[in-house]
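The values are calculated or read from the model by the stated rules, or taken from the named source; none is laboratory data. In this text, all values refer to a predicted model and were calculated from it rather than measured experimentally. All Cβ positions, glycine included, derive from the backbone under ideal geometry; neighbour counts span all protein chains shown.
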């Protein structure tokens with residue numbers, strides 16, 4: 001069996017030609033391709049505004065800076081079952097953060113696991129599965145959605161990107177649509193949009209073309225036209241990618257069956273399957289090592305509270321602990337064939353029976 005990577009971006013001649021077209025303009029900064037990408041991304045998500053940034057982490061940082069200016073002292077609730085960038089960005093900007101446990105079925109946070117102390121909620125669509133935004137909105141506080149993994153996901157029939165006050169998407173090489181690095185911020189709030197647009201570009205406000213005039217303290221989070229030229233092509237393929245990933249997820253479930261447990265997909269959600277996770281009762285480290293010996297890349301997920309910078313944070317997170325000790329993320333990407341998925345599935349079944 002061939003070596004199967006956990007991630008692989010689907011870059012074709014169409015993306016390459018788009019980059020060449022961008023280069024031939026002679027402009028390699030943030031220009032017309034970025035503006036087009038922002039417009040088309042906003043249209044895709046149904047959001048009024050979109051801001052292209054150089055990566056998803058920058059998008060979170062920019063969003064938090066704008067929210068801090070609007071709401072002052074931020075106490076941000078952050079899921080512990082997430083990639084560390086969610087907590088890191090919040091810890092740099094907020095007065096304090098409060099880690100929160102997740103729902104053991106969906107792996108996302110829910111209203112029951114939030115703290116009354118927080119005045120900003122950072123949600124995370126774990127693996128791409130949308131949170132229950134309507135239920136969380138009832139908390140009555142602003143929501144910054146780390147939607148890094150949920151491009152193409154749907155919440156109650158609508159594409160994710162306008163449910164929270166701000167959504168931040170990642171376009172990292174591993175994501176459903178990829179520009180190498182890169183990210184996108186979406187919002188329906190004009191004030192937040194204007195603030196983030198300025199913060200992402202050194203704090204520029206209204207100015208004459210020849211002036212360096214800065215209205216606020218900003219940073220440089222800009223995307224380049226080269227990345228945007230790839231993103232424009234990838235965005236056209238988003239629905240196809242999601243449909244193919246969902247088909248691969250079905251193959252996994254059909255073959256592996258009830259030997260494992262899976263992330264639960266509520267009726268309100270359409271899961272785009274940025275990753276495909278299984279919960280196993282066997283020794284996770286041994287399972288992963290054996291999968292690598294079979295030339296199959298897998299991943300595990302350590303929650304934030306178990307990472308070195310956050311180990312002193314107070315709190316108990318039984319659901320996140322349970323999942324982190326048992327979850328294995330199998331490969332599921334745009335370049336995988338159905339035959340690849342079947343081969344991985346059969347390897348999983350065989351190995352689980354050996355380890356049982």
Do you know which residues across the stretch 30-45 are over 18 Å from the mean Cα position of the chain (by Cα) and within 18 Å of residue 164 (Cα to Cα)? 43
Flag for residue 231 being in contact with a strand residue (DSSP E or B) (Cβ under 9 Å, 6 or more places away or on another chain), closer than 27 Å to residue 55 by Cβ and loosely packed, with under 15 Cβ neighbours inside 10 Å: no
Of the residues 121, 139, which is in contact with a strand residue (DSSP E or B) (Cβ under 7 Å, 6 or more places away or on another chain) and not in a loop (DSSP other than H, G, I, E, B)? 121
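The rows are residues; the columns are (1) touching a strand residue (DSSP E or B) at 6+ places or on another chain (Cβ under 7 Å); (2) within 30 Å of residue 332 (Cβ to Cβ); (3) in the same structural domain as residue 54 (by TED's automatic domain parsing).
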{"residue": "164", "(1), (2), (3)": "yes, yes, yes"}
{"residue": "180", "(1), (2), (3)": "no, yes, yes"}
{"residue": "192", "(1), (2), (3)": "yes, no, yes"}
{"residue": "197", "(1), (2), (3)": "yes, no, yes"}
{"residue": "207", "(1), (2), (3)": "no, no, yes"}
Before we move on, is residue 72 over 30 Å from residue 323 (Cα atoms) and either at pLDDT 95 or above or outside the structural domain of residue 168 (by TED's automatic domain parsing) (or both)? no
It is to be established whether one or more residues within the stretch 130-147 are within 26 Å of residue 232 (Cα to Cα) and touching a helix residue (DSSP H, G or I) at 6+ places or on another chain (Cβ under 6 Å). yes
Name the residue, out of 62, 102, that is crowded, with 23+ Cβ neighbours inside 10 Å and closer than 30 Å to residue 296 by Cα. 102
Given the structure, is residue 67 buried (at least 23 other Cβ atoms within 10 Å of the Cβ), more than 19 Å from the chain's Cα centre (by Cα) and not in a strand (DSSP E or B)? yes
Of all residues in the stretch 15-26, which are surrounded by 14 or more Cβ atoms within 10 Å (Cβ to Cβ) and more than 9 Å from residue 226 (Cβ to Cβ)? 15, 18
Residue list for the stretch 331-354, filter: closer than 15 Å to residue 289 by Cβ and either in a strand (DSSP E or B) or touching a helix residue (DSSP H, G or I) at 6+ places or on another chain (Cβ under 6 Å) (or both): 348, 351, 352
The lone condition residue 119 fails out of (1) closer than 23 Å to residue 318 by Cβ; (2) surrounded by fewer than 20 Cβ atoms within 10 Å (Cβ to Cβ); (3) at pLDDT 95 or above is (1)
Among the residues of the stretch 78-105, the number that are assigned to a helix (DSSP H, G or I) and closer than 30 Å to residue 267 by Cα is 3
Within the stretch 46-54, is even one residue part of a helix (DSSP H, G or I), surrounded by 13 or more Cβ atoms within 10 Å (Cβ to Cβ), at pLDDT 95 or above and not assigned by TED's automatic domain parsing to the domain that holds residue 288? no
